[in-house]
1. If a residue must be away from every other protein chain (no Cβ under 12 Å) and either in contact with a strand residue (DSSP E or B) (Cβ under 6 Å, 6 or more places away or on another chain) or not basic (Lys, Arg) (or both), how many such residues does the range B:95-118 contain?
2. Only one residue in B:67, B:55, B:63 is acidic (Asp, Glu) and within 10 Å of chain A (Cβ to nearest Cβ). Which one?
3. Which of the residues that make up the range A:176-215 are surrounded by fewer than 19 Cβ atoms within 10 Å (Cβ to Cβ) and closer than 25 Å to residue A:239 by Cα?
4. Is there a residue in the range A:133-155 that is in contact with a Pro (Cβ under 7 Å, 6 or more places away or on another chain), assigned to a helix (DSSP H, G or I) and on the phi < 0 side of the Ramachandran plot?
5. Can you tell me which of (1) free of Cβ contacts under 8 Å to residues at least 12 places away in the same chain; (2) on the phi > 0 side of the Ramachandran plot; (3) away from every other protein chain (no Cβ under 14 Å) is the one residue A:182 doesn't meet?
6. Scan the range B:98-114 for residues that are of a type in the set (A, V, I, L, M), under 21 Å from residue A:160 (Cβ atoms) and over 20 Å from the mean Cα position of the chain (by Cα) and report the count.
7. Tally up the residues in the range A:41-71 that are more than 14 Å from chain B (Cβ to nearest Cβ), surrounded by fewer than 23 Cβ atoms within 10 Å (Cβ to Cβ) and among the hydroxyl-bearing types (Ser, Thr, Tyr), please.
8. Hey, can you tell me all the residues within the range A:42-57 that are in contact with a helix residue (DSSP H, G or I) (Cβ under 8 Å, 6 or more places away or on another chain), farther than 16 Å from residue A:102 by Cα and of a type in the set (A, V, I, L, M, F, W, C)?
Amino acid sequence: MDGRSVIESTLSTTIRPGFFAGTLDLFVEYLPFYLQGLLYTLLLAVVGTTVGLLIAFVFVVLKIQTVKRVTPFIPKNLKHLGKAFVNTYVTIFRGTPMMVQAMIFYYGLASLGVRLPILAAGLIVVTLNTAAYLTEILRSGLESIDPGQREAAESLGMTTRQTYQKILLVQAFKNMIPAIGNELIVNIKDTAVLSVIGVGELFYMGRSVAGAHYRYTESFMIVAIIYLIVVMIAVYLLKQLSRWMGKTPKDLNTSESGQAA
Amino acid sequence: MITLENIFKYFDETPVLKNINLSFQKGTINVIIGPSGSGKSTLLRTVNFLEPPTEGNVWIEGERMDEKPKTLQNLRQNAPMVFQSFNLFNHLNVHDNCTLAQRAVLRKSKKEAGHKAMRTLEKVGMASYWNRKPKQLSGGQKQRVSIARALSMEPRILLFDEPTSALDPEMVGGVLSTIRNVAEEQPDLTILLVTHEMAFARQIADRVLFMDLGEVIEDRKGADIFKTPLKPRTAQFLSSFQ
């Protein structure tokens, strides 16, 4: 989405001098553009975090799978390959700025003749980046689970896959909701760097408006306030979510009396 | 029937089990006692391969244990374990703790698994707590639920790894009487019990084994070991409980 040409058609609008008056005028005049940018920002953050989480579930399983003495040759090496792939992936994506990743991904593909829509490129970059961080978050979540949970499942005859699916990943996910929520909030803010390849998110829109009138402080003040409000709403919603996930019946009667079998 | 054949277990270079050869007959209650670090819990954990032995074979009802997923699943479902630290599934309520493995391993329907779960929970006196989460239960209640969870699998073997060691003293009695009831109601069940409850061992055991430093020092019928310990090490250990 290129807001600049649209903005240029409204350039005749006069923006009053002075910080407060100017900010107000920009806000009133360009609200639809800021909202459009916000929509893209939210789309990138929500899709990136959700799809990134799904990928992270797959990656973390690849990363932590156990190779036993009796594992046959081919599966054993496939497992080693899977682990190596995820480790390399995580190292690269956590070790480089998302801004640089976006540049390489978008212009790299373009030089190979693949022209992705800018928004699609932005979505892919934020998703791949988030997957790397969430893989590590899920891994530490899995490691924080009492080994007794796994032993109990295995001692009842559950397979490794069932143990992960029905017990370990479920518990890790529940414990990790705050960390996953944090990743969403980081993404709301950090997708600003995708403006570097021209994704029309909030920062990009703010810069377009600012450039059109040379009113940088005013426009970015509006952008900052919108980010702040949206992040505060997200924090509130995530708090409600973890409260809802963690809720348990109130009446805690743990008295042992009269219960001896 | 469980047979352990030339079992050695090393943690890194340290030997924990040294050439264990034992058979446990169907329907017997076998109690393993011994000081901490004697290898008694490790021995129990080699039976269901939570700790696969470094050397040697484990046979359960004529089938040899190995680390193949299929074998582990088949043999473990018949020999579930009750742990010292309960290990109830924290995210599931009491009822679902007892149905999860029935559904996943035995492929039972939701309804069938639920019926079985409630029947076993009644046996251990926990049926009215069916919708509680583990963190809402006392230690004794948790352990009775974990016994019900194991029994829900309709096993032929039950492994108890110090089931009362993590309990407050006033809760020990309830769990022990639950174990006694289970043993009385299901005489075909083969029980391996690692415990420090000597009085209980004396009442319930068909056979008592004393372990020290990774070896079975003394292996006696009934409560004989308590009356006439044959080895000085056994006598010394038992005298610390007087």
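1. So in the range B:95-118, the residues away from every other protein chain (no Cβ under 12 Å) come out as B:95, B:108-118.
Next, from what is left, pick out any that are either in contact with a strand residue (DSSP E or B) (Cβ under 6 Å, 6 or more places away or on another chain) or not basic (Lys, Arg) (or both): B:95, B:109, B:112-115, B:117-118.
So the answer is 8.
2. B:67
3. Within the range A:176-215, A:177, A:178, A:179, A:181, A:182, A:185, A:186, A:189 meet the criteria.
4. Filtering the range A:133-155 down to residues in contact with a Pro (Cβ under 7 Å, 6 or more places away or on another chain) leaves A:155.
Filter again for assigned to a helix (DSSP H, G or I), leaving A:155.
Subset that is on the phi < 0 side of the Ramachandran plot: A:155.
Yes, some residue in the range A:133-155 is in contact with a Pro (Cβ under 7 Å, 6 or more places away or on another chain), assigned to a helix (DSSP H, G or I) and on the phi < 0 side of the Ramachandran plot.
5. Residue A:182 satisfies every listed condition except (2).
6. Residues of the range B:98-114 that are of a type in the set (A, V, I, L, M), as a first pass: B:100-101, B:104-106, B:113.
Keeping just the survivors that are under 21 Å from residue A:160 (Cβ atoms) gives B:100-101, B:104-106.
Next cut, over 20 Å from the mean Cα position of the chain (by Cα) only: B:104, B:106.
Qualifying residue count, the range B:98-114: 2.
7. Looking only at that region, the number is 1.
8. Passing the criteria: A:42, A:43, A:46, A:47, A:51, A:53, A:55, A:56, A:57.
The values are calculated or read from the model by the stated rules, or taken from the named source; none is laboratory data. Being a predicted model, the structure only gives us computed values, none of them experimental. Positions of Cβ are backbone-derived with ideal geometry, glycine not excepted, and every protein chain shown enters the neighbour counts. Ligands, DNA and RNA are stripped out before the accessible areas are found, and what is left, the full protein with its side chains, is counted by its heavy atoms. Shrake-Rupley method; radii C 1.70, N 1.55, O 1.52, S 1.80 Å.
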